[in-house]
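This report concerns only the one structure given below.
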Amino acid sequence: MNDLTAAELARRARYPLLLVNDSDIAVEPGYLKGVTAPLADAETGMVTCLYRAAAQSWASRFEALGIATEFAPSVVAARFLGVAEFALGSTMVFRAETLRRIGGFDAIANYLADDYQLGRHISQLGYRIAFAPVVVETDLGAESWGQTWRHQLRWSRTIRVSRPSGYYGYGVTHAVLWAFVAAAAGQWQAALAAFLLRLAAGVWVGAWILKDRNVWKHCWLIPFRDLFGLAVWLAGLFGNRVEWRGRELRLRADGKITGEAPAAALRERAVSQ
């Protein structure tokens, strides 16, 4: 369902809570109770949750490993540092009244990163974005390496225009890169410490928090996945074009979309109330 449909469903909804997630999300029993319970706190304006990924090709497994051991740890670290205005498209639960106060889905329809914008708009009302103790799963399918590259590049450029400070700060916190730099400078102890810390953080979040069973199996690939991620990050520093389902779109500096596709038809969502 596209954002126009989501806006119409929200207008017709009869109940006080709305749940929105990406169209390829699978959940486990108890999901609805888990993601709605935090809204019992009046100061919580939205509930979101972490996710892991299923994959059927090596390219997709590489991306799934990045989600479990790079993306998820960065989300956890951001929350720890007090950066909490964002939500993830894996799950977004909020009150219908809160959506009305930010101007409805129409207020974010021109953004590619509509999940981030929805969380930001709700956070700006003074509400807290809470993470539910629930992990869901997305399915990456059997992507080719080219598809994985384009998918990651779209994600990278979208983050750059949505949260530029966080995006540029990634280069400073890239542990594997600095481990190689330290090793090249002969600082083997520092290199080993950075490398082991990176592996420990990735495995801890991926295997223990996300319960991703493939992290243990593929953890030896983490350094190679990080170098791939660094290449994507470098490519994402430049350009404003992204590919979305065969369409080429252009991103403005503020994160809004210009280009071929109608902005309100850019992402399929499952919306329930």
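PRO29 meets all of the listed conditions (1) in contact (Cβ under 8 Å) with a residue 24 or more places away in the chain; (2) farther than 25 Å from GLN124 by Cβ but one, namely (1). Considering only residues that are farther than 22 Å from ASN21 by Cα and of a type in the set (Gly, Ala, Ser), look in the range 135-169 and name the one that is surrounded by the most Cβ atoms within 10 Å (Cβ to Cβ). By that ranking, first place goes to GLY166.
For the range 227-249: of the residues being over 20 Å from the mean Cα position of the chain (by Cα) and surrounded by 12 or more Cβ atoms within 10 Å (Cβ to Cβ), which is modelled with the lowest pLDDT?
Filtering the range 227-249 for residues over 20 Å from the mean Cα position of the chain (by Cα) gives 238-239, 246-248.
Now drop any that are not surrounded by 12 or more Cβ atoms within 10 Å (Cβ to Cβ), which leaves 239, 247.
On the way: GLY239: 85, ARG247: 75.
So the residue we want is ARG247.
For the range 1-33, filtering for residues that are surrounded by 20 or more Cβ atoms within 10 Å (Cβ to Cβ) and closer than 16 Å to ALA87 by Cα leaves 3.
The set of residues in the range 173-213 that are without any contact (Cβ under 8 Å) to a residue 60 or more places away in the chain and assigned to a loop (DSSP other than H, G, I, E, B) comprises HIS174, ALA185, GLY186, GLN187, ARG213. The single condition from (1) out of contact with any Phe, Trp or Tyr (no Cβ under 8 Å at 6 or more places or on another chain); (2) buried (at least 18 other Cβ atoms within 10 Å of the Cβ); (3) over 28 Å from ALA113 (Cα atoms); (4) not basic (Lys, Arg) that VAL181 fails is (2). Going by the structure shown, is GLU28 acidic (Asp, Glu), assigned to a helix (DSSP H, G or I), within 14 Å of GLU137 (Cα to Cα) and at pLDDT 90 or above? Spelling it out, it is not the case that GLU28 is acidic (Asp, Glu), assigned to a helix (DSSP H, G or I), within 14 Å of GLU137 (Cα to Cα) and at pLDDT 90 or above. Just one of the listed residues (SER90, SER123) is touching a residue at least 12 places away in the same chain (Cβ under 8 Å), of a type in the set (Ser, Thr, Tyr) and more than 22 Å from LEU153 (Cα to Cα), namely SER123. Residues in the range 106-156 that are part of a strand (DSSP E or B) and among the hydroxyl-bearing types (Ser, Thr, Tyr): TYR111, THR138. With respect to (1) buried (at least 23 other Cβ atoms within 10 Å of the Cβ); (2) under 23 Å from ALA201 (Cα atoms), the lone exception for GLY82 is condition (1). Considering only residues in the range 117-134 that are in contact with a strand residue (DSSP E or B) (Cβ under 8 Å, 6 or more places away or on another chain) and polar (S, T, N, Q), the one that is surrounded by the fewest Cβ atoms within 10 Å (Cβ to Cβ) turns out to be SER123.
Out of all the residues in the range 56-69, is one or more at pLDDT 90 or above, surrounded by 15 or more Cβ atoms within 10 Å (Cβ to Cβ) and either acidic (Asp, Glu) or in a loop (DSSP other than H, G, I, E, B) (or both)? Yes, that holds for at least one residue.
The values are calculated or read from the model by the stated rules, or taken from the named source; none is laboratory data. Please read these numbers as outputs of a predicted model, since none were measured by experiment. Every residue, glycine as well, gets a Cβ built from its backbone with ideal geometry; the counts of neighbours run over all protein chains shown.
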